[in-house]
Amino acid sequence: MKGPVSGVRVLDFGLLTAGANTSAMLADLGADVLKIESGAYLDPFRVIGKIDGDEGWWNRSPQFRFTNRNKRGLALNLKDPEGQRVIRALAAHCDVVVENFRRGVLDRAGLGYEALKAVNPRIVFAAISSQGDTGPERMNVSFGSTLDATSGIASLSGYEDEEPRISGMDVNYPDQIVSLFATGIVIAAVMEARRSGKGAFLDFSQREVASFTLGEEILAASADPAYRLAPRGNGAAGVAQQDAYRCNDGKWIAVTLAKADSGLGSFCAGKDSTAAVAELLARGIAAAPCNDGNDLLHDGQLAGVTLVRDAQGGLVKGLPYRLDGKGIAIERAAPDLGQHTDAVLRELLGYGDAELSALKKSGVTSTTPTVGDV
């Protein structure tokens with residue numbers, strides 16, 4: 001892999017979006033990311049994205065492919081003492097650990113920060129969780145919905161006098177944004193570890209990151225004890241008129257006006273969305289189409305940047321920025337379960353055929369699920 005962080009190796013326990021997308025962005029930037037799963041515990045995206053029940057279904061999930069491109073895949077049983085020993089040996093050759101298990105899972109397996117720091121003092125350990133590594137709520141089960149609620153985001157989403165709205169799994173906003181924050185801090189911590197020779201434990205709370213994006217609302221509440229975060233629909237304080245308007249082709253457009261215009265709804269209803277947006281922009285008015293996924297799929301501006309094809313022709317998420325005018329390159333499609341286990345253990349630990357065969361026979365390594373019908 002080539003890129004700004006080539007030469008950095010990541011031991012990746014990341015699952016779903018929050019963890020796996022953090023390591024995916026590091027991989028996109030050139031890091032050698034070793035995705036760790038096992039036949040007994042797949043990344044849930046392999047199951048959530050199950051598209052058929054045929055042999056090898058666990059390797060065809062679009063959701064898994066989205067957040068695991070450019071990685072090498074290993075299947076090692078974290079509950080087996082030998083699997084734990086192999087992972088500790090791999091940690092000695094890595095710069096970063098990324099994980100978003102429930103708090104305590106890796107500690108109980110002898111693979112937490114203290115255990116891996118003893119093997120490699122320069123390791124940067126990025127622990128991503130819903131509530132953070134400390135505090136009374138650290139063990140709470142959370143999803144994007146509950147994080148929308150506890151962070152304060154849901155209190156602002158929706159129309160005036162309606163119930164709070166959660167983004168749900170269609171957006172899962174807190175998972176998306178924590179991976180952007182975490183990637184940058186991990187890179188900074190690796191730079192410091194190489195300078196000082198000392199690693200770090202990075203504690204990322206998804207709730208805290210989501211609340212950070214509401215800083216102005218929290219500041220307003222601190223200035224006025226009576227201030228309440230509440231849904232405001234499409235309007236905004238200090239803006240004369242702002243809303244979404246339906247056009248005669250059935251599509252919606254968003255418009256913001258510096259001066260109120262009571263006839264705007266009728267104007268939009270009489271034109272198709274493309275013509276309405278063009279005319280409003282020509283008049284110096286901020287207007288844009290309300291795109292859905294299909295619109296974005298066919299938007300040429302996103303091709304090669306926000307949306308990219310992998311080596312198998314599958315669609316995956318890109319990066320939300322360009323490097324020297326270029327998007328990312330998908331040099332390696334998301335791995336099959338355990339696809340690179342043997343190659344990595346040979347390369348980094350010097351394993352031979354006999355040792356690899358013993359690991360397979362004992363169930364430490366695998367290339368098929370052992371969890372039964374999913």
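Kindly indicate whether any position in the stretch 329-347 is of a type in the set (Gly, Ala, Ser), at pLDDT below 80 and farther than 18 Å from ALA31 by Cα. Even if it seems obvious, please write down each step before you answer.
In the first step, residues of the stretch 329-347 are kept if they are of a type in the set (Gly, Ala, Ser); the result is 329, 333-334, 338, 343.
Within this subset, residues satisfying the condition of being at pLDDT below 80 are 329.
Cutting the leftovers down to farther than 18 Å from ALA31 by Cα gives us none.
Checked the stretch 329-347: no residue is of a type in the set (Gly, Ala, Ser), at pLDDT below 80 and farther than 18 Å from ALA31 by Cα.
Against the test of being out of contact with any Leu (no Cβ under 7 Å at 6 or more places or on another chain) and over 30 Å from GLY3 (Cβ atoms), the options ALA240, ALA254 yield a single qualifying residue, ALA254.
Taken together, the residues in the stretch 210-225 that are touching a residue at least 40 places away in the same chain (Cβ under 8 Å) and open to solvent by less than 70 Å² (accessible area, probe 1.4 Å) amount to 5. Across the stretch 36-83, the number of residues qualifying as of a type in the set (S, T, N, Q) and over 18 Å from ASN100 (Cα atoms) comes to 3. When GLY73, GLY53, GLY49 are checked against the criterion of being open to solvent by less than 40 Å² (accessible area, probe 1.4 Å), farther than 27 Å from GLY184 by Cβ and out of contact with any Cys (no Cβ under 9 Å at 6 or more places or on another chain), GLY49 stands alone in meeting it. Only one residue in GLY39, GLY53, GLY49 is free of Cβ contacts under 8 Å to residues at least 24 places away in the same chain, more than 21 Å from VAL124 (Cα to Cα) and touching a Pro at 6+ places or on another chain (Cβ under 6 Å). Which one? The unique qualifying residue is GLY49. So for the stretch 178-197 (the condition being of a type in the set (A, V, I, L, M, F, W, C) and farther than 30 Å from VAL96 by Cβ), does at least one residue qualify? No, that holds for no residue.
Do you know which residues across the stretch 107-132 are part of a loop (DSSP other than H, G, I, E, B) and open to solvent by 10 Å² or more (accessible area, probe 1.4 Å)? Before the answer, list the steps.
Keep residues of the stretch 107-132 that are part of a loop (DSSP other than H, G, I, E, B), which gives 109-112, 120-123, 130-132.
The answer is ALA109, GLY110, ASN120, PRO121, ARG122, SER130, GLN131.
With respect to the conditions (1) surrounded by fewer than 13 Cβ atoms within 10 Å (Cβ to Cβ); (2) assigned to a helix (DSSP H, G or I), ARG228 falls short on a single one, namely (2). Looking at ARG122, ARG72, just one residue is closer than 23 Å to LEU345 by Cβ, in contact (Cβ under 8 Å) with a residue 60 or more places away in the chain and in contact with a strand residue (DSSP E or B) (Cβ under 8 Å, 6 or more places away or on another chain), and that residue is ARG72. Residue count for the stretch 153-192 satisfying the condition of being in a helix (DSSP H, G or I) and of a type outside the set (Val, Ile, Thr): 16. Of the residues making up the stretch 193-206, just one is loosely packed, with under 15 Cβ neighbours inside 10 Å and closer than 14 Å to PHE125 by Cβ, namely LYS198. Taking (1) in a helix (DSSP H, G or I); (2) touching a helix residue (DSSP H, G or I) at 6+ places or on another chain (Cβ under 7 Å) in turn, PHE204 satisfies each apart from (1).
Output yes when any residue across the stretch 162-175 is open to solvent by 30 Å² or more (accessible area, probe 1.4 Å), closer than 18 Å to MET25 by Cα and among the hydroxyl-bearing types (Ser, Thr, Tyr), and no when none is. Yes. GLY135 passes every criterion in (1) in contact (Cβ under 8 Å) with a residue 40 or more places away in the chain; (2) farther than 26 Å from MET25 by Cα apart from (1). Determine if the stretch 133-148 includes at least one residue that is under 20 Å from the mean Cα position of the chain (by Cα), surrounded by fewer than 20 Cβ atoms within 10 Å (Cβ to Cβ) and in a helix (DSSP H, G or I). Scanning the stretch 133-148, I find at least one residue that is under 20 Å from the mean Cα position of the chain (by Cα), surrounded by fewer than 20 Cβ atoms within 10 Å (Cβ to Cβ) and in a helix (DSSP H, G or I), so the answer is yes.
The values are calculated or read from the model by the stated rules, or taken from the named source; none is laboratory data. All figures in this text were calculated on a predicted structure; none of them were measured in a lab. Cβ coordinates were reconstructed from backbone atoms using ideal geometry, including for glycine residues, and neighbour counts include every protein chain displayed. Side chains are part of the model used for accessible areas, which takes the heavy atoms of the whole protein and leaves out ligands, DNA and RNA. Shrake-Rupley method; radii C 1.70, N 1.55, O 1.52, S 1.80 Å.
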